[in-house]
1. With all protein chains present, how much of the accessible area of segment 241-316 (probe radius 1.4 Å) comes from carbon and sulfur, to the nearest whole percent?
2. For the Cα atoms of the chain, what angle does the longest principal axis make with the long axis of helix 99-116, in degrees from 0 to 90, nearest 10?
3. Looking at the chain, send over the antiparallel percent of its DSSP beta bridges, to the nearest 5.
4. Cut-off 10 angstrom, C-alpha nodes, Gaussian network model of the chain. Which of R116, R250, R259 fluctuates the most?
5. Out of G307, G197, G123, any idea which swings most in a Gaussian network model of the chain, alpha carbons joined below 10 Å?
6. In segment 55-182, what percent of the accessible surface is made up of carbon and sulfur (1.4 Å probe, ligands and nucleic acids excluded)?
7. Over all Cα pairs of segment 113-256, how is the pair count split among 10 Å bins, expressed in % and running from 0 up to the last occupied bin?
8. Which net charge results when you count Lys and Arg as +1 and Asp and Glu as -1 among the other residues whose beta-carbon is under 11 Å from that of R73?
Amino acid sequence: PIDATPLKSLAPFPIGVAAQALHAADPAWTDLAATHFSQLTAEWEMKMEYIVQPDGGFRFDRGDALANFARSRGMRLFGHTLVWYANEPEAFARLDERRQSFEGALRNYVTAVVGRYRGLASGWDVINEPIKDDGSGPRDSLWSRRLGQVGHFKVAFEAARAADPDAVLFTNDYHLESKPAKLASYQRLIDEVLSAGVPLTGIGCQTHLIADLPAGALTRTLKVLAGFGLPIHLSEMDVSLIHGGLFASRRDSELAQARLYGEAMEAFAALPERQQFAFTVWGLRDRDSWLTRQNAQDAPLLFDDRGQPKAAFAAVVDALRR
Ligand code: G3I
């Protein structure tokens, strides 16, 4: 049997989990989550796609439900995410070209959301996934088109800083461990915005892996990102068994998955203490994963559908005990 020691009791840094509001009302979910995790990230209900209504109004019912659950169980909240190329609500897109009204509306949004959770949220993904998938450079988005690449960083980060002087303010991206060009572009953009005086104070590495990622790749990526000297959030880890396709058996892919979870925790725990912001997995049980919604055969997380710890969980415990 797998030693189900509470993860949060083994780690000197927060261990986070992604959640939806429906989970906060499900005792099977809440008891297991509160046992092992000390931080909570809203999987989607604190994004513009949920908060911003067609008429431009904001709705916080589900964000508040998650915040209240976190507060009730002594968990930190992590704010995800304020500005994202994948969320371009009509209420913003239709604002006229005049920069001021668009900039004012974005500033107002960031101020309202960050201000609402001030004191509970330990940090925010202020700008999510700023780099193109092919790694060739910064993405083009409604936000960058209207305010400029550095400009939209300045507006969003400065508004977040003003709304919560204590929150760690992140940018956050994925495939940094498998696409060297994307990591290089991410580093260049971070350098550029830091040089422009943007109050970026944390770096997110989402860590959505496939089980055939070569050993050592993620460790090297975390070392490169730690070079900025800022807090690192390993922010959305899961390890898909499906995309790999290179394994002789399900067992082999589950062992590869466990090895990667162990490597990730070992590499994160090896960071300087002041750079260990949090280690977050993107869901509690395999059935809760966005990946399993895409392919029911997948099993990317630490707990199985019945909430039992898997080999991946044991690998994380072993890494924390080293
Ligand atoms: O639950 C509702 C359902 O009631 C409704 O009928 C249905 C159709 O509107 O929507 C369902 O909500 C969906 C939700 O996932 C839960 O399944 C939302 O539409 C859908 O947009 C949402 O997708 C989320 C996605 O980001 C977009 O926000 C995923 O849960 C979430 O895992 C995914 O997370 C992203 C990170 O934010 C950034 N990094 C990549 C990661 C994976 O794509």
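1. Working: 1630 of 3270 Å².
Answer for segment 241-316: carbon and sulfur cover 50 percent of the accessible area.
2. On a 0 to 90 degree scale, this one is about 40.
3. Values: 3 of 39 bridges.
The antiparallel proportion sits near 10 percent.
4. Result: R250 has the largest fluctuation of those listed.
5. Maximum among the listed residues: G197.
6. Details: 2480 of 5110 Å².
Using a 1.4 Å probe with all protein chains present, segment 55-182 comes out at 49 percent carbon and sulfur.
7. Pairs per bin, as whole percents: 11, 37, 31, 15, 5, 0.
8. Details: positive: K8, R71, R76; negative: D31.
Overall, the nearby charge balance is +2.
The values are calculated or read from the model by the stated rules, or taken from the named source; none is laboratory data. Fair warning: this is a prediction, and the values are worked out from it, not measured in the lab. Methodologically, a virtual Cβ is constructed for each residue, glycine included, from the backbone with ideal geometry; neighbour enumeration extends over all protein chains shown. With ligands, DNA and RNA removed, areas are computed over all heavy atoms of the protein, side chains included. Shrake-Rupley method; radii C 1.70, N 1.55, O 1.52, S 1.80 Å.
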